[in-house]
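Below: the structure, in structure tokens.
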Amino acid sequence: MNHLVIPLRSASQRIPEKIYSKIQGRELILRMADHALFLQEEIIGLRCHLAVDSLRAQEILKSYNQKISVHLTDPELPSGTDRVCEILKRLDSKDAAPNDWIVNVQGDMPFLCRSSLALFINSLQKIPQAFTMATMAEPFRSIEDYRSAGVVKVILGSDQQSLYFSRLPIPYGRMPLAEKVDDLIGLSHIGVYAYQAQTLLKLAALAPHKIELAEGLEQLRALAAGIQIYAWKANPNTGTDFRGIDLPSDLAWAQAFNSNL
């Protein structure tokens, strides 16, 4: 059985109590629960979990829908990956075998493309066996995104293997930066991860690596440890966006976004 976990952290540093923010009239925490319920009903053999760090969030979700598992986790856990790993450790071994996939979806994507995410999850059983970790990426939406430190970039090698992730435009070019999206090398990274259960346990046990700390990107810990990351290319539907709510400016963007959800 495969599992999808959405960490929902109340104690957000940049936007206090972010998960309770109303996005076009509906709280972010409930929008993420909507995604989880849809995917659980859409994908055979997928069980969805919501990992929270407060009693308030737990009570909201318990009254939402009994089909979705809600877990209260330690608020002192340092990252979403640690919260996802905590859920894995609570599962019975018959529910999560070493090669089963655990999908981690960030808890601040109110308009994520459900169909793309479902295709990604269904593709996990078909990717080359050398990969025990996978993520998503998409073409850049604009030159501004490519230049922005707020948009993570990924460079791919053969077989969709992720070579490196960075907040800076990569690869370094001796010539001026490209002016057209179609001329860009690499893809815009989407903050969705999938790990085989044994790989997630290994990754969570590792200390942060220097390149991870330098870039502020957890996935670099995996690359530094020799874990190959498969990058699945998404083409999100119009009216959807995998952009997360990290800054107050993102809240303003979300309020104005023309969503089809």
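The values are calculated or read from the model by the stated rules, or taken from the named source; none is laboratory data. Small disclaimer: the values here were computed from a predicted structure and weren't measured. Using ideal geometry, Cβ is built from the backbone for each residue, glycine included, and neighbour counts are taken over all protein chains shown. We work out accessible area using only protein heavy atoms, side chains counted, and drop any ligands, DNA or RNA first. Shrake-Rupley method; radii C 1.70, N 1.55, O 1.52, S 1.80 Å.
Some points to look at:
- Å² per residue, accessible surface of the chain at 1.4 Å: 48 Å²
- Dipole magnitude of the chain about its Cα centre (Cβ charges: Lys, Arg +1; Asp, Glu -1), debye to nearest 20: 80 debye
- For the options LYS89, LYS153, LYS233, a Gaussian network treatment of the chain with springs between C-alpha atoms closer than 10 Å singles out LYS89 as fluctuating the most.
- For LEU77, net neighbour charge (Lys/Arg +1, Asp/Glu -1) across residues whose Cβ lies under 14 Å away: -2
- Share, in percent, of DSSP beta bridges within the stretch 5-161 that are antiparallel, nearest 5: 20 percent
- For ILE15, neighbours were defined as the other residues whose beta-carbon sits under 11 Å from its Cβ, and their charges (Lys and Arg +1, Asp and Glu -1) total -1.
- Dipole in debye (nearest 20) - the stretch 1-138, about Cα centre, beta carbon charges: Lys, Arg +1; Asp, Glu -1: 200 debye
- Remark: for residue pairs LYS67/LYS233; LYS94/LYS202; LYS22/LYS89, the C-alpha separation exceeds 27 Å in LYS67/LYS233; LYS22/LYS89.
- Between ILE229 and SER162, the built amide H atoms are under 5 Å apart, and every one of these is 5 or more places off in sequence or on another chain.
- Candidates TYR20, TYR64, TYR195, ranked by Gaussian network fluctuation over the chain, Cα under 10 Å, top entry: TYR64
- The stretch 249-261 - phi-based ³J(HN,Hα) in whole Hz, Karplus 6.51/-1.76/1.60, Gly and Pro as x: 5, 5, 5, 5, 4, 5, 5, 9, 5, 8, 8, 9, 7
- Whole-Hz ³J(HN,Hα) from phi, Karplus 6.51 cos²θ - 1.76 cosθ + 1.60, for the stretch 41-46, glycine and proline x: 7, 7, 10, 5, x, 10
- Phi-based couplings in Hz for the stretch 206-220 (Karplus 6.51, -1.76, 1.60; Gly and Pro marked x): 7, 6, x, 8, 4, 6, 4, 5, 5, 8, x, 10, 5, 5, 6
- Share of pairwise Cα separations in the stretch 168-224, more than 20 Å, in percent: 43 percent
- Principal axis extents of the Cα atoms in the chain, from largest to smallest and rounded to whole angstrom, are 56, 42, 33.
- Three-way shape label, the stretch 1-139, alpha-carbon gyration tensor, a/c 1.5: prolate
- By definition, a body whose alpha carbon gyration tensor gives a ≥ b ≥ c is oblate when a/c is 1.5 or more and a/b is not larger than b/c, and the stretch 27-94 fits this oblate description.
- Carbon and sulfur %, accessible surface of the chain computed with the full protein complex present, 1.4 Å: 51 percent
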